[in-house]
Amino acid sequence: MIEEFKNKLKNLALLDAILEQDWELRYYSYNSGWSPTEEMASLRDSCGGEWFFLISDDGIAFKCTSPEDGLAEDFESIKNKVPDRFKVFLEEPAFSMNEGSCIWYLENNNWVALGVDINDLPNPTKIQQMSASNYCVYASNILEQDIDSNLVQSILDGRFSFDLATKLNPDVDIDELKKDIQEIGISS
């Protein structure tokens, strides 16, 4: 399940890299070399919402701040309920761990959710279930681009090619995309 989930996160970041050249304007990002033993996925909307996944040998943990859904009243008590094996995740300064809406972690292939229910941003369950048509709705609403769901499905299925990238976005800068692909950790 972890590999499948990582691939979904990577492919969402790849789709955003193809459609939006400016990293600052992307929702989905992925860094396969966050550290020698960790990978990181992130989402940032332009309204203060963000989430982070840390993927390591210890498992997967997720932290979300969703102003639309509200912040957890006692975020420190939520952090105290997370297993010790996620200590590195809880202490990561880049994840803004002073406050948040929720923390989820994967336990025996099931998500344990602590904190506020997230509906405004895609939570881990919604990411797992995200289809090509869901991504196309997001691309239309957020990126203001209408794209072919069959091309999106090919990327979600792991069938990336530069030809496919140029079909999705004829203006994509292939040299920049190659750099993004390396960071995301996708074979080209």
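Quick note: the coordinates plus some simple rules give every number you see, no bench work behind them. All values reported here derive from a predicted model rather than from experimental measurement. Note that we place each Cβ from the backbone using ideal geometry, even for glycine, and neighbour counts take in every protein chain shown.
Local charge for residue 87 was computed over the other residues whose Cβ lies under 15 Å away, with Lys and Arg +1 and Asp and Glu -1, and equals -3.
The residue among 9, 147, 100 whose Cα reaches farthest toward the positive pole of the charge dipole of segment 2-184, with charges on the beta-carbon of Lys, Arg, Asp and Glu, is 9. Given a 10 angstrom Cα cut-off, can you work out which residue in 140, 101, 56 is the most mobile in a GNM of the chain? Of the options given, 140 has the highest mean-square fluctuation. For the residue pairs 63/87; 8/63; 6/81; 6/179, the alpha carbons lie more than 21 Å apart in 6/81. The calculated FRET efficiency for the pair residue 119 and residue 166, based on their C-beta separation and a Förster distance of 45 Å, comes to about 0.80.
Arrange the following residues from fewest to most other Cβ atoms within 10 Å of their Cβ: 14, 25.
By the 10 Å Cβ count, ascending: 25, 14.
Computed from Cα atoms, the angle from the helix 2-19 axis to the main principal axis of the chain rounds to 50 degrees.
For the chain, the dipole from Cβ point charges (+1 on Lys and Arg, -1 on Asp and Glu) about the Cα centre works out to 500 debye, to the nearest 20. For a paramagnetic label modelled at 7 Å from the Cα of residue 109 toward its Cβ, which residues of segment 1-38 fall within the zone defined by backbone nitrogen distances under 12 Å? Answer for this model: 1-4. Quick one: compute the contact order of segment 2-184, relative version, from alpha carbon pairs under 8 angstrom and 6+ residues apart, as a percent. Reported as a whole number, the value is 22 percent. For the chain, the convex hull drawn through the C-alpha positions has a volume of 111 cubic angstrom per residue. Positive end of the charge dipole of the chain (Lys, Arg +1 and Asp, Glu -1 on Cβ, about the Cα centre): tell me which of 88, 46, 112 has its Cα farthest that way. Checking the options against the dipole of the chain, the answer is 112.
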